[in-house]
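Undergrad: Before I ask anything, let me first share the structure, which is written out below as structure tokens.
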Amino acid sequence: MEKKKVLQKIDERFEAAQIAKSLVRLLTKKGRLSLLPKISQFLAEAGREDDRLTIETPNLLKIEDQEKLIILAKKKFPKIKRVDFIVNPELLSGIVFRRGDRVVEMTGRVVLDKLKK
């Protein structure tokens, strides 16, 4: 009975999404509610991937150029909180943007592949 009261309070206070409520109910029913903090942390970290943009270039960019790219990126993606720059010597030219599982590649190889078609 105590578990039902706790679930009712969670439902009322936080108006949790149906999926979250179902997860909490399932964990409670199975006696695994102690897993909730780990699941929460995992989901929070997974969500942060979209807050981060990685920019790959063949050479180290000047600070001024990095700052220009950051300004452009934040205009296009206002939710970005972090921009990482990576030097990838395997790139011959161009730039690669990575955000979560999305990749935008603007490299010499891509241009050459388009010209072949």
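Undergrad: Checking residue 38 against (1) at pLDDT below 80; (2) surrounded by 10 or more Cβ atoms within 10 Å (Cβ to Cβ); (3) within 30 Å of residue 2 (Cα to Cα): exactly one of these is not met. Which one?
TA: With respect to (1) at pLDDT below 80; (2) surrounded by 10 or more Cβ atoms within 10 Å (Cβ to Cβ); (3) within 30 Å of residue 2 (Cα to Cα), residue 38 is out only on (2).
Undergrad: Take the residues in the stretch 61-86 that are among the hydrophobic types (A, V, I, L, M, F, W, C) and in contact with a helix residue (DSSP H, G or I) (Cβ under 9 Å, 6 or more places away or on another chain), then tell me which one is surrounded by the most Cβ atoms within 10 Å (Cβ to Cβ).
TA: 83
Undergrad: Could you tell me whether the stretch 26-33 includes any residue that is farther than 25 Å from residue 99 by Cα, in contact with a Lys or Arg (Cβ under 7 Å, 6 or more places away or on another chain) and either among the aliphatic types (A, V, I, L, M) or modelled with pLDDT of 75 or more (or both)?
TA: Looking through the stretch 26-33, at least one residue is farther than 25 Å from residue 99 by Cα, in contact with a Lys or Arg (Cβ under 7 Å, 6 or more places away or on another chain) and either among the aliphatic types (A, V, I, L, M) or modelled with pLDDT of 75 or more (or both).
The values are calculated or read from the model by the stated rules, or taken from the named source; none is laboratory data. Just so it is clear, the model here is predicted, and its values are computed rather than measured. Please note: Cβ atoms are built from the backbone with ideal geometry, for glycine as well, and neighbour counts cover all protein chains shown.
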